[in-house]
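Shown next, in structure tokens, is the structure this report addresses.
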Amino acid sequence: MSKAEAKNRISKLREEINRYRYQYHVLNTLDISEAALDALKHELYQLEQEYPELITVDSPTQRVAGEPLPGFVKVTHQARMLSIEDAFSFEEVQEWFLRLQKLQPSLQEDFYAECKMDGLAVSLVYENGFFVQGATRGDGRVGEDVTHNLRTIEAIPLELRIPSESDIKSFFQKHKNNIDENIIKNVFHKQLTHIEIRGEVFMKRSQLKTYNQLMKKQGKPELANPRNAAAGSIRQLDPKIASARGLSFFGYAMVGNYGTTTHEQAHDVMSLLGIPTNPLNRHCTSLEQVHTFFSTIEKKRDTLDYWIDGVVVNMNQDEMFEALGIIGKTNRAVIAWKFPAEQGTTIVRNIEISVGRTGALTPVAIMDPVQLAGTTVSRASLHNIDEIERLDVRIGDTVIVEKAGDIIPKIVQVLPNLRSGKEKKFQMPKHCPICGSAVARAPGEVAITCTNPNCFAQEVARLLHFVSRAALDIRGLGDKIVEQLVQTALAKEPADLFNLKPDDFLSLEGFAEISAHKLYVEIQRHREIPLNRFILSLGIRHVGEETARDLSAHFGTIEKFRQVSKEELSFVKGIGEVVAESIFTFLNDQIEIERLDRLLNEVKVVEQKTKERDGKFKGTTWVFTGTLSSMSRDEAKERIRAHGGDVSESVSKKTNYVVVGESSGSKADKAEQFGIQIVNEEEFLKLL
């Protein structure tokens, strides 16, 4: 894959991941499986590792996904609930450990391996031994208070157990010389006032079967799978729903100082306190033991009474775990080894075209349904005509479909020996299948796009982008509602949304008076918009969240931004010729000018105020390429900004320094061409 193809794919992956994450974590729904979402995230992570210069701070890989639901009280976590980096092979696990050894040469092979439960992560807080608060992960820093639902789960003790003296004695004998006995005794005897447990709420397969049998008898909808059942139950305002579903819980961590020095000890302490932990979890003294544990669990997977999607491998020693630190939104000292890809064969019956926000035509394979990793697969994106030609996939072909890491389906191979001679080669249409307009392919780009800016599919996609989380964040306006608004001509552009009345929604499918009024209020409360979100919401080609922030910080007001020239755009950090051309073309398109005028009549754009930063790097611009061993890319950028410098994603003549790490890309070559100072990691640390 070329860099241009990777950039396009990364952009699409980020957009889809953010949309699906918002569905799952905020709207309590998901159009795809969580495993498929994991696959999207892993593909994005792999591409960003291959092209680290394309990583941005707003990428889904750099943050923990999710937001608190408005129906619940917000809870700020004492310590962030971080995500975990994925691996899909033993080789990737070995590479992970080698990276850690570079940071900590004295690191020994000492691990604690756990079954990766497929449910909902929660935090439990106990005061003086009593359960007082439970919260979801949310965005990692702020979650939702779901105490009322968690109290209904019998697996979660409302009061911590006081271990017997024989239990305590056995614990000390097992872990002698590696613990603080005084602190642990205080924990066991409820003399430590505050204890936080983290773990996973899940529904057993047997319980799901029993519950669905009851629902079927009552003529009510059945639950799709254990994961959705657990997540949906905990996010209900009525605790009777969670109580009726018979959920379970396994603890996997304790947050704070409890006198323990290893992850294994923490699990033993939780068990003694009455917190259930997975009995299959194991202490492993080598990577080979981890490999054996993984193979054993993989074989048992289908016989277990709960869903798991891999094995979590932790560095066992707490001191070393903390010393390894955090990279982005994940702890370095833990990795999730996901189960391997599952493949199947099916037949491509047709190839259809999907039209996106920018007008890009994406071919989608329509296949005979095939069961992969517990889900039915019948569609797979073929991305673009280049991918179709590379695979040589034809309508009627027998193909191998894969869900790498139990994730999104992907055609990986065609079986030409099974062809009957009736297969048909696919030709990209010369006209948009939605509006009939001509299509075009810009020089140097892989995407073929519809040339009609008023295309129905583009109008729907643009409106969805306008209300998306990263832009205006108008909740409740999903795909189906927006499609109906465009079809009925109630809204064809963003300005139209603010003129809608509650009665307008009543004419749409699925609305009653309360829901119509609620959505009306939600739209109206977004009439005041920060400049960076407003710029992003316009859907300008090549302008993502980072670029929108840069433009906002540079121009400060929407008036100055609208009057910008190409020359002025060249002075904005991070803006190259292609992006500048795209912005200038958009702002000078008569149709877009009129749409923007109408939108500004409905909303107020808040000016962006920026503070002048001082420091020894003030007035300098830095670019990073490759991987740093001493800190993450985000950490390095924050260090630069803290000293007054600016960071850009691309090299230009305005760049002062290019920091080169391991596996650096083409940015270093470009820096040499421009005569820009190149520094390695050691030199960079000295400059800091």
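How high is the FRET efficiency between LEU82 and ASN128 when r is their beta carbon distance and R₀ equals 30 Å, given to the nearest 0.05? Write down the numbers at each step before the final one.
Working: r = 28 Å, r/R0 = 0.93.
Calculated value: 0.60.
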| query | In straight Cα distance, which lysines are under 27 Å from LYS204, not counting same-chain residues fewer than 8 positions off? | reply | LYS41, LYS116, LYS216, LYS217, LYS220, LYS240, LYS299, LYS300, LYS338, LYS403
| request: Measure off 7 Å from each Cα along the Cα-to-Cβ vector at GLU577 and HIS431, then give the distance between these two points in nanometres to one decimal. | output: 3.6 nm
| task | Please compute the net charge surrounding ARG419, taking Lys and Arg as +1 and Asp and Glu as -1 over other residues with Cβ under 15 Å from its Cβ. | result | +2
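As a quick test, which of the pairs LYS566/LYS670; LYS74/LYS176; LYS425/LYS667; LYS618/LYS670; LYS174/LYS209 have an alpha carbon distance above 31 angstrom in this structure? Kindly include the intermediate steps, with their values, before the conclusion.
Values: LYS566/LYS670 23 Å; LYS74/LYS176 41 Å; LYS425/LYS667 39 Å; LYS618/LYS670 23 Å; LYS174/LYS209 40 Å.
As for pairs spanning more than 31 Å Cα to Cα, those are LYS74/LYS176; LYS425/LYS667; LYS174/LYS209.
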| query | Where Lys and Arg each count +1 and Asp and Glu each count -1, what net charge lies around ASP669 among other residues with Cβ under 14 Å from its Cβ? | reply | +1
| request: Using label points projected 7 Å from each Cα along Cα→Cβ, tell me how many nm separate ASN499 and HIS148, to one decimal. | output: 4.1 nm
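For ASP302 and VAL679, compute 0.36 nm times the residue count separating them, minus their Cα-Cα distance, and round to one decimal in nm. Numbers along the way, then the final one.
Numbers: separation 377, 0.36 × 377 = 135.72 nm, distance 5.16 nm.
Between ASP302 and VAL679, full extension yields an extra 130.6 nm.
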| query | Which lysines, on any chain, are close to LYS169 with Cα under 18 Å apart, when same-chain ones fewer than 8 places away are left out? | reply | LYS185, LYS190
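Can you give the net charge of the other residues whose Cβ lies under 12 Å from the Cβ of THR488, counting K and R as +1 and D and E as -1? Mind showing how you got there, number by number?
Numbers: positive: LYS492; negative: GLU483, ASP496, ASP504, GLU509.
That works out to -3.
Which order results if SER354, SER83, SER468, SER106 are arranged by neighbouring Cβ count within 10 Å, fewest first?
Details: SER354 15, SER83 23, SER468 20, SER106 7.
Taking fewest neighbouring Cβ atoms as first place, the list is SER106, SER354, SER468, SER83.
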| Which Cα, out of VAL603, GLY539, PHE561, lies furthest along the positive dipole direction of segment 530-606 (beta carbon charges, K/R +1, D/E -1)? | VAL603
| field | Cα-projected label distance for ASP473 with GLN101, points at 7 Å along beta-carbon direction, nm | value | 4.4 nm
| request: Mind checking the full-extension length gain between ARG349 and GLU528? Use 0.36 nm per residue of separation minus the Cα-Cα distance, one decimal, nm. | output: 59.6 nm
| message | Once each part is reduced to its C-alpha centroid, what is the distance from segment 297-341 to segment 492-545 in angstrom? | response | 41 Å
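Name the GluC sites (Glu not before Pro) in segment 161-253 that are in a loop by DSSP and that have at most 14 other C-beta atoms within 10 Å, would you? Mind dumping the intermediate values first?
Values: sites: GLU165, GLU181, GLU196, GLU200, GLU222; in loops: GLU222.
Loop-located and lightly packed - GLU222.
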| message | Under the 0.36 nm per residue contour assumption, what length would be gained going from the current alpha-carbon distance of GLU165 and LYS217 to full extension? | response | 13.8 nm
| What Cys residues in the chain are without a partner cysteine, judged by a Cβ distance under 4.7 Å? | CYS115, CYS284
| note | Rounded to the nearest 500, the 222 nm mean residue ellipticity computed for the chain from DSSP H runs (n ≥ 4, each -39500 (n - 2.57)) alone is -11000 deg cm²/dmol
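Values quoted throughout were computed directly from the atomic coordinates according to the rules given, and no laboratory measurement underlies them. Small disclaimer: the values here were computed from a predicted structure and weren't measured. When we count neighbours, we look across all protein chains shown, and the Cβ atoms used for this are built from the backbone with ideal geometry, even at glycine.
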